[in-house]
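The values are calculated or read from the model by the stated rules, or taken from the named source; none is laboratory data. Please read all numbers here as calculations on a predicted model, not as lab measurements. Counting neighbours? That spans all protein chains shown, and the Cβs are built from the backbone with ideal geometry, glycine included.
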Amino acid sequence: MKSIKSAYIAIFTATMLSNAAYAADIKSIAILTPEQGTDFGWNQQGVDGAKAAGKATGVEVITAENLGYGDVRPTLRELAEDGNTLLIAHASGYNTAAPEIGAEAKVKVAIVDSPAALKKDAIVDYTASGHSGAYLAGHLAAKMSRTGTVGIVVSGEPPSWNAQSAAFAEGVKAEKPSMTIRYAVIGPAAYSDAAGGKRVTESLIAAGADIIFGQGNGSSFGMLQAVETTKATDGGKVFFIDVIGDKTSIDKGFLLSSVLWNLTPVYTAMIEDIKADKFGTRNYGISLADGSVSLLKTKQIPDDVWKSVMDIRDKMIKGEIKVEPKFDAPSVHSLVSQLN
């Protein structure tokens, strides 16, 4: 019995030492963003989420911000050479370069909007879709609109934006079928085009929209500026529903809500999967159920309206209301056309 017990102890100790050694290999990860991590949106959520995940798992996080949308291979290569175990390429424009450098340097990479790229020990995708939150935002917009027209302004048509646009439109029509929905794209990749965001948003307001659902990175500041300086066709205030981040601290009374994303659980799961030798066996997402998608409550929303929207949220979590994401642009165009 003593020899058997000793054997078990030896096996257990060896296993623990092996796991500890493996986990200790993850000393640092890096995240690359096209714009500064202070944009109250996509870039900031990525940087803040990665830092929080690193703190929770005891892993150092290196940030490479404001890299633009061009060729980031030199930066990826440099970060790989610095010994980072995981490179998080936080822009769909990096989806070709990151896997290339990952394979070249034998470093794990995480990319967005490419779920089919999944590869064991090499590539994962996090196509973060806030469509469930956008559906709630659609209900909110329909309840709050005075003119009967709402607008959707996007800085491009990546899968995550498309899924939210479609769900928002579905939420609007589910709440009030008579509503009109205006949809406009600033440009094919106008994520930082604030001037374009302002111009396009003004055009939708002129077309009757008194609530704008805006999806853009830096361009969202132009959208918000248009809302702040342009009256609705009925002479009243126009409201803005943002995505990903919380601009409350800079709001002048025009921010109605935001579909908030929390990427900390996503990055934490990636790190834990690396430690467990499971990286590349699944992709990652966000949802209402775990709180990684939520709707921002501002003082502009009456309590009774908020309660009714949260009742819809509860039904969605229970599965009583199901909203399927539509990731491709043609589906969004077709849906908006049909609903109008």
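Just checking, does segment 86-106 include any residue being modelled with pLDDT under 95 and hydroxyl-bearing (Ser, Thr, Tyr)?
Yes, segment 86-106 contains a residue that is modelled with pLDDT under 95 and hydroxyl-bearing (Ser, Thr, Tyr).
Looking at segment 324-335, I want the residues that are over 17 Å from GLY285 (Cα atoms) and in the same structural domain as GLU170 (by TED's automatic domain parsing) and have a partner that is part of a loop (DSSP other than H, G, I, E, B) and not β-branched (Val, Ile, Thr) with Cβ atoms under 7 Å, at least 6 apart or on another chain. Which pairs are those?
Taking only residues 6 or more apart or on different chains, the pairs are ALA329/GLU157; VAL332/LYS326; LEU335/LYS326.
How many of the residues in segment 175-195 are without any contact (Cβ under 8 Å) to a residue 40 or more places away in the chain and either in contact with a helix residue (DSSP H, G or I) (Cβ under 8 Å, 6 or more places away or on another chain) or within 18 Å of HIS333 (Cα to Cα) (or both)?
So in segment 175-195, the residues without any contact (Cβ under 8 Å) to a residue 40 or more places away in the chain come out as 175-179, 182, 184-188, 190, 193-195.
This time we only want the ones that are either in contact with a helix residue (DSSP H, G or I) (Cβ under 8 Å, 6 or more places away or on another chain) or within 18 Å of HIS333 (Cα to Cα) (or both), so: 175-177, 179, 182, 184-188, 190, 193-195.
Looking only at that region, the number is 14.
Suppose we filter TRP261, TRP306 for residues that are in contact with a helix residue (DSSP H, G or I) (Cβ under 9 Å, 6 or more places away or on another chain) and either surrounded by 20 or more Cβ atoms within 10 Å (Cβ to Cβ) or closer than 21 Å to SER220 by Cα (or both); which single one remains?
Numbers: TRP306 fails: either surrounded by 20 or more Cβ atoms within 10 Å (Cβ to Cβ) or closer than 21 Å to SER220 by Cα (or both).
Exactly one residue qualifies, and that residue is TRP261.
Tell me, which residue of segment 304-340 that is of a type in the set (Lys, Arg) and under 23 Å from the mean Cα position of the chain (by Cα) is farthest from ASP290 (Cα to Cα)? Show your work before the answer.
Looking only at segment 304-340, we keep the residues that are of a type in the set (Lys, Arg), and these are 307, 313, 315, 318, 322, 326.
In the following step, the residues that additionally are under 23 Å from the mean Cα position of the chain (by Cα) were identified as 313, 315, 318, 322, 326.
Working: ARG313: 12, LYS315: 15, LYS318: 12, LYS322: 16, LYS326: 21 Å.
Once the filter is applied, the top-ranked residue is LYS326.
Just need a number here: residues in segment 275-297 that are assigned to a loop (DSSP other than H, G, I, E, B), in contact (Cβ under 8 Å) with a residue 60 or more places away in the chain and either among the hydrophobic types (A, V, I, L, M, F, W, C) or within 22 Å of SER28 (Cα to Cα) (or both).
9
Give the number of residues within segment 325-339 that are loosely packed, with under 13 Cβ neighbours inside 10 Å and either touching a strand residue (DSSP E or B) at 6+ places or on another chain (Cβ under 8 Å) or at pLDDT below 95 (or both).
So the first thing to find is which residues in segment 325-339 are loosely packed, with under 13 Cβ neighbours inside 10 Å, and the list is 330, 337-338.
Still in the running and either touching a strand residue (DSSP E or B) at 6+ places or on another chain (Cβ under 8 Å) or at pLDDT below 95 (or both): 337-338.
Count: 2.
Scan segment 195-213 and tell me whether some residue there is modelled with pLDDT of 95 or more, more than 22 Å from ARG146 (Cβ to Cβ), among the aliphatic types (A, V, I, L, M) and not assigned by TED's automatic domain parsing to the domain that holds GLY37.
Scanning segment 195-213, I find at least one residue that is modelled with pLDDT of 95 or more, more than 22 Å from ARG146 (Cβ to Cβ), among the aliphatic types (A, V, I, L, M) and not assigned by TED's automatic domain parsing to the domain that holds GLY37, so the answer is yes.
With the requirement that a residue be of a type in the set (A, V, I, L, M) and over 13 Å from PHE168 (Cα atoms), what does segment 317-335 give you?
ILE317, ILE321, ALA329
Each row is one residue, and each column tells you yes or no for (1) more than 16 Å from the chain's Cα centre (by Cα); (2) not β-branched (Val, Ile, Thr).
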site: GLN44; (1), (2): no, yes
site: ALA50; (1), (2): no, yes
site: ALA56; (1), (2): yes, yes
site: VAL61; (1), (2): yes, no
site: GLY68; (1), (2): yes, yes
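Which of the residues that make up segment 23-76 are surrounded by fewer than 20 Cβ atoms within 10 Å (Cβ to Cβ) and assigned to a helix (DSSP H, G or I)?
Once the filter is applied, which keeps residues that are surrounded by fewer than 20 Cβ atoms within 10 Å (Cβ to Cβ) and assigned to a helix (DSSP H, G or I), segment 23-76 yields ALA23, ALA24, ASP48, LYS51, ALA52, LYS55, ALA56, THR57, ARG73, PRO74, THR75.
Could we say that THR38 is hydroxyl-bearing (Ser, Thr, Tyr), modelled with pLDDT under 95, within 18 Å of the chain's Cα centre (by Cα) and more than 19 Å from THR268 (Cα to Cα) here?
Numbers: hydroxyl-bearing (Ser, Thr, Tyr): yes; modelled with pLDDT under 95: yes; within 18 Å of the chain's Cα centre (by Cα): yes; more than 19 Å from THR268 (Cα to Cα): yes.
So THR38 passes the test.
Yes or no: GLY222 closer than 23 Å to TRP42 by Cα, buried (at least 24 other Cβ atoms within 10 Å of the Cβ) and either out of contact with any Phe, Trp or Tyr (no Cβ under 8 Å at 6 or more places or on another chain) or of a type in the set (Lys, Arg) (or both)?
Working: closer than 23 Å to TRP42 by Cα: yes; buried (at least 24 other Cβ atoms within 10 Å of the Cβ): yes; either out of contact with any Phe, Trp or Tyr (no Cβ under 8 Å at 6 or more places or on another chain) or of a type in the set (Lys, Arg) (or both): yes.
Considered against the rule, which asks whether it is closer than 23 Å to TRP42 by Cα, buried (at least 24 other Cβ atoms within 10 Å of the Cβ) and either out of contact with any Phe, Trp or Tyr (no Cβ under 8 Å at 6 or more places or on another chain) or of a type in the set (Lys, Arg) (or both), GLY222 comes out as yes.
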